[in-house]
Amino acid sequence: MLNLARTQAQAQGLPYAGIVSAQDAWQLVQAGKAVLVDVRTNEERTFVGYVPDSLHVAWATGTAMNRNPRFTRELEAKAGGKDAVVVLLCRSGKRSALAAEAAAKAGFTHVFNIAQGFEGDLDGQQQRGHSGGWRWHSLPWIQD
C-alpha cells in the first residue's frame, strides 16, 4: 500500500512520500504501521471532531490560521522521529499536503497525506461531509 503511494507520488512529482485514502490510513494505524497526526486547529478538533488516539500537531493556529513555526519540531517529538511512518489529516487534505511537504523538507522520509481529510471535498451546495473524507467513510471519530 505505501509502496504504491510512493510510486504514484513520484509519478506526480509530489515533494513528500505520497497520498493514502482514509481507509488505508486507518488500516495502517490499526496495524501499528503508522501514526496518525491531525494537523487541524484545536478549535476544529473540538467543534468538528477528531480521530480517537490520534496525535495533534497544528499546522496553523487560531481563527487567523497563523502558521505554526514549531510544526516540524513538534511533529518530530510527537511522532517519534523523522523516520516514523506518519499519516497527516486535516479538514480536506489541503493543509495536510502543505504539512507533508514541510515535513519532507525537514527530513521526514515516510510522511503521507490522507486524501480528502476529515470532512471530504465540497459538494454542489458548497458543503463538506457528503462526499469522501474520514467521517463519510464511517471511520472512528469522536467529538468533545
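Only helices enter the 222 nm calculation for the chain: every DSSP H run of n ≥ 4 contributes -39,500 (n - 2.57), and dividing by all residues gives -9500 deg cm²/dmol, rounded to 500. P(r) for segment 2-114, from all Cα pairs and a bin width of 5 Å, is 2, 13, 25, 27, 20, 10, 3, 0 %, short bins first.
Since every read-out is calculated from the coordinates, none of them should be taken as a lab result. Note that the structure is a prediction, hence the values are computed from the model and not measured.
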